[in-house]
Structure formats: structure tokens, C-alpha cells
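To keep things clear, I will list the structure first and then write my remarks on it.
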Amino acid sequence: MKTLVIVTHPNLETSVVNKRWVEELQQYPDKYTVHELHKVYPDGQIDVDQEQQLVESHGNIVFQFPIYWFNCPPLLKKWFDDVLAYGWAYGSKGDKLMHRKIALAVSAGIKKDDYREEGRYRYTLDQLLSPFETSFLYCKADYRSFFAFYGTEGEAGENVPGLELETPANQLESSAQAYLHFIDNL
């Protein structure tokens, strides 16, 4: 079965990393279904039945998003709240995610060194993403960790949240290839 990649980026057209990853995924439509939440639901009103059917018609699932305020974008949180319903994703009869391989792919604007317990923000990316892992485990899914691209924010003496600089092309290209390798080896 194909892998469903649920992309949540409020402005994918201006993205550097997430846009490149999507372009790479779209070269292999026989392997990956790219599902852009902001494109499908510009009003934020999620069709739960349609989303559940989409999940059920795929094998593995990858949630791709930029880290926003050390979390996911709001539309993805709403997707989790609405779609991962009792009786479908969890509960005595909720088995639709059971044993399904699930992973995250994140662009983390801050440098990797800042994501350390001794770093600027005192938490690792593993720690910050642990609520996702816990949620997937609660749904009895097979959480397979995350793929990350670090350091897309600019530096002017220090990181400035929201300021994104152009990523060196070779680094971006190698991340796109490594991302596909990560997905293919879930």
C-alpha cells in the first residue's frame, strides 16, 4: 500500500524545506500520496469521514510539518482532535491505527545544538515531539520516530524566530533524498 504523507504548512509556496520535500514526494505518485491539509481545508473545517477513509486506504502514515512554537501548526492539531476519534482510532473498538507505521517529518527552524538539554531551549526535539509519540502509542500504532531538518532560521548574532534564510542547495537536496529513504524504511 502507498504511504500517506499528511502535509500541514500554512504557506507551502514560500517554504524552503517542506516545499522541496513535497516536490520530491510528488515525483513518485505510485509510492506516496501527498495530502496538503491547508490546500484541502482552507477554511479549517475538516471532513472527518473523508480523512478517516483516506487513512484507511493507505499503509504507512507520515505527518510532515514545520515546528511552530515547539509544536505542530494549529490545523494539524485540529486534524488530530477531529479525526482520531473514539471508536475509530482508540477505545474498545477503535483499531484503525493499530499496528500501522506512523512517523513525523519536521522542519525545525532552530539549530540542532539548541535542541539539547544544555542548549538554548533546554529540550531535545525527541522530548518536544513526545506527545505525538504518546498519542500514537495510545492508538496502538507503530510509531517509527521522526525525520528532521534543522536550522532554517537566520542568524544575526542569534536566532530570530520567523526569519528564514535560504538553505544551501546541496543540504536541501541531500535532505530530500534522505527523507525518501527514511519513509521507505519505516
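Filtering the range 1-14 down to residues that are more than 9 Å from Gln64 (Cα to Cα) and of a type in the set (A, V, I, L, M), which residue is modelled with the lowest pLDDT?
Filtering first and then ranking leaves Met1.
Could you please find all residues in the range 83-112 being in a strand (DSSP E or B) and not basic (Lys, Arg)?
Selection gives Tyr86, Tyr90, Ile102, Ala103, Leu104, Ala105, Val106, Ser107, Ala108.
Do we find a residue being closer than 19 Å to Phe65 by Cβ, exposed (fewer than 10 other Cβ atoms within 10 Å of the Cβ) and modelled with pLDDT under 95 anywhere in the range 162-182?
Scanning the range 162-182, I find at least one residue that is closer than 19 Å to Phe65 by Cβ, exposed (fewer than 10 other Cβ atoms within 10 Å of the Cβ) and modelled with pLDDT under 95, so the answer is yes.
Looking only at the range 15-70, filter to residues that are within 17 Å of the chain's Cα centre (by Cα) and polar (S, T, N, Q); which one of those is modelled with the lowest pLDDT?
Ser15
Could you please let me know if Ile102 is in contact with a Gly (Cβ under 9 Å, 6 or more places away or on another chain), on the phi < 0 side of the Ramachandran plot and buried (at least 17 other Cβ atoms within 10 Å of the Cβ)?
For Ile102, the condition - in contact with a Gly (Cβ under 9 Å, 6 or more places away or on another chain), on the phi < 0 side of the Ramachandran plot and buried (at least 17 other Cβ atoms within 10 Å of the Cβ) - is not met.
Take the residues in the range 130-146 that are part of a helix (DSSP H, G or I) and among the aromatic types (Phe, Trp, Tyr); name whichever of them is nearest to Tyr86 (Cα to Cα).
Selected residue: Tyr138.
Yes/no matrix, rows are residues, columns are (1) touching a residue at least 40 places away in the same chain (Cβ under 8 Å); (2) under 23 Å from Lys101 (Cα atoms):
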{"residue": "Val7", "(1), (2)": "yes, yes"}
{"residue": "Pro10", "(1), (2)": "yes, no"}
{"residue": "Lys19", "(1), (2)": "no, no"}
{"residue": "Leu25", "(1), (2)": "yes, yes"}
{"residue": "Pro29", "(1), (2)": "no, yes"}
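State yes or no: is Arg144 over 16 Å from Thr3 (Cβ atoms) and either surrounded by 12 or more Cβ atoms within 10 Å (Cβ to Cβ) or over 14 Å from the mean Cα position of the chain (by Cα) (or both)?
The answer is no for Arg144.
Among the residues of the range 38-64, which ones are part of a helix (DSSP H, G or I), more than 17 Å from Phe136 (Cα to Cα) and of a type outside the set (Asp, Glu)?
His38, Lys39, Val40, Val48, Gln50, Gln53, Leu54, listed by residue number.
Does the range 16-31 hold any residues that are in contact with a strand residue (DSSP E or B) (Cβ under 7 Å, 6 or more places away or on another chain) and assigned to a loop (DSSP other than H, G, I, E, B), and which are they?
Val16, Gln26, Lys31
I need the full set of residues from the range 21-67 which are among the hydroxyl-bearing types (Ser, Thr, Tyr) and more than 17 Å from Asp81 (Cα to Cα), in order please.
Scanning the range 21-67 gives Tyr28, Tyr32, Thr33, Ser57.
Is there a residue in the range 71-94 that is farther than 15 Å from Thr8 by Cβ and within 14 Å of the chain's Cα centre (by Cα)?
no
Name the single residue, out of those in the range 110-160 being among the basic types (Lys, Arg) and out of contact with any strand residue (DSSP E or B) (no Cβ under 7 Å at 6 or more places or on another chain), that is modelled with the highest pLDDT.
Lys140
The values are calculated or read from the model by the stated rules, or taken from the named source; none is laboratory data. Remember, it's a predicted structure, so these values are computed and weren't measured experimentally. Please note: Cβ atoms are built from the backbone with ideal geometry, for glycine as well, and neighbour counts cover all protein chains shown.
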